[in-house]
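The values are calculated or read from the model by the stated rules, or taken from the named source; none is laboratory data. What you see is a predicted model; the values in this text were computed from it and never measured. Here the Cβ positions follow ideal geometry from the backbone for every residue, glycine too, while neighbour counts run over all protein chains shown. These area figures cover heavy atoms from the full protein model, side chains too; ligands, DNA and RNA do not enter into them. Shrake-Rupley method; radii C 1.70, N 1.55, O 1.52, S 1.80 Å.
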Amino acid sequence: MRPLLELARDKLKRRKVIAVMSGKGGVGKSVVASLLALSIRGSALIDLDLSGMSIPKLFGVSGKLHEVGREGVEPIVVGGLKLFSLGGIVGDRYVVLPGYGQAGAVEALIAFAKLGDADTVIVDMPPGMGEELLALGRIASYVPVVVTTPSKASYKVVKQLVDYLIEVGRKPRAFILNMAYVECGGARIYPFGRGDEARRLGENVGARVYEIPIDPSLEDYVGRLHEYRGPVAEAVRDVARGL
Amino acid sequence: MHEWSLALSLVQTLDRWALEHGVEIKRVVLSVPSPAQLDVSVLNEAFDALKRESRLERAKLEVKVRSPRYRCRACGYEFGQEEVDPQIRRIAGEYGEEYPLHLIPELLPTFVKCPKCGSHDIEAELSIKIEEVETT
């Protein structure tokens, strides 16, 4: 028996777990996951992108370590949001792990996280379909939120993830076309096309499809994302309302 | 301090398991890898404090600290704890009380390199496991 796997399962059993994922990297999962967590009152954010660890960077807490007490790992709290990340265990250092190490890290991070009264847990998943995806599946029954861009290059990769999710009975609840358009002089410009294939994919699996705009000012908020109030946050709030 | 959270996870997990199976727990054997550098006396003290009013109330904890065998998946070199210890000491010195392998021993390949080829691609059994449970 593995006590940490059992404890991790128990910890998430009575909470709503929303996993923000995409087969593709660089589509904005971490920003979406963070803004989702900020818009769902009383939620906690767990960063399972073990090698990327974007969450501490987005909130300006890179290198800050979690305090570990008698009852587990204390969250790093930013803007009222409770964050948990492997970055808070290893500090500002690269993480390179074989599959069994990734599984152990996912289980321990969740098992020891002091989630307190958070009734919703947002999980920021890494790109790809590796051990973290399997590990989360062993631990919790999660609601997938799939993020892609309208680009055809993203579509192919994301479709494989969606096929997998359907096969394991975890139908995506929301399907996000991120970086979909730019507002310019009152008109919407779609630099990567309208994303018709991706949109159809979302609709075919019964997920609600959302478009999230590009907002160049978002870049100024990297390191203080909790202060961002622009159109991307507004669009993500709409996603949160539908979950 | 982490020994307490580990003991808590152990008591909570086994108490629930004992309740589901309608048994009391008499003895638990916990196997921990040596790179975790857990303090066995603190772990026992925490276990004894936390087991009160649970189905482990009369349980005795035995902690086995095992030295893993390591294998480099890049060059195939097999090695023992003695070749890892100097690297472990360096990490422990660097992090102090925040030593990451204390909390997650499976992180070892991030910090330790193969003594022959320098690869981080190291295989070992590093999980914390309940090896045996004796019930009444």
Förster radius 56 Å - calculated FRET efficiency between residue B:132 and residue A:187 (Cβ-Cβ, nearest 0.05): 0.20
To check you understand DSSP bridge types, tell me what percent of the beta bridges within segment A:3-242 (both residues inside) are antiparallel, rounded to 5. 25
Can you give the Kirkwood hydrodynamic radius for segment B:1-97, in Å, rounded to one decimal and based on Cα pairs? 15.4
Within segment B:55-95, list the residues whose amide N lies under 11 Å from a label point set 7 Å along Cα→Cβ of residue B:19. B:55
Cysteines (scope chain B) whose Cβ has no counterpart Cys Cβ under 4.7 Å: none
What FRET efficiency comes out for the pair residue A:100/residue A:234, r = Cβ-Cβ distance, R0 = 35 Å, nearest 0.05? 0.25
Once you charge only the Cβ atoms, +1 for Lys and Arg and -1 for Asp and Glu, what is the size of the charge dipole of segment B:2-135 about its Cα centre, to the nearest 20 debye? 260
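Please give the per residue accessible area of segment A:3-242, computed with a probe of 1.4 Å over protein heavy atoms only, in Å².
40
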Given the candidates A:125, B:79, B:8, the one whose Cα lies deepest towards the positive end of the charge dipole of the protein assembly as shown, counting +1 at each Lys or Arg C-beta and -1 at each Asp or Glu C-beta, is A:125
With a 1.4 Å probe and ligands and nucleic acids left out, the total accessible area lost when B pairs with A, in Å² to the nearest 100, equals 2900
Carbon/sulfur fraction of accessible area - chain A, other protein chains in place, 1.4 Å, %: 48
Place a point 7 Å from Cα of residue A:156 in the direction of its Cβ. Which residues in segment A:16-38 have their backbone N less than 20 Å from it? A:22-28
Kindly tabulate the residues in segment B:107-136 with an accessible-area decrease of at least 30 Å² between the chain alone and the assembly of all protein chains, using a probe of 1.4 Å. B:107, B:109, B:110, B:111, B:120, B:128, B:130
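About its Cα centre, how strong a charge dipole does segment B:55-114 have in debye, to the nearest 20, once Lys and Arg get +1 and Asp and Glu get -1 at the Cβ?
Value, rounded to 20: 320 debye.
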Toy charge model, Lys and Arg Cβ at +1, Asp and Glu Cβ at -1: segment A:104-204 dipole around Cα centroid in debye, rounded to 20, equals 380
Ignoring ligands, DNA and RNA, what percent of the 1.4 Å accessible area of segment B:2-135 is carbon and sulfur? 44
With a cap of 12 neighbouring Cβ atoms within 10 Å, and only residues DSSP puts in a loop, list the trypsin sites (Lys or Arg not before Pro) found in segment A:24-132. A:41
Find which of A:109, A:151, A:230 sits farthest along the positive direction of the dipole of segment A:3-242, computed with +1 on the beta-carbon of Lys and Arg, -1 on that of Asp and Glu, about the Cα centre. A:151
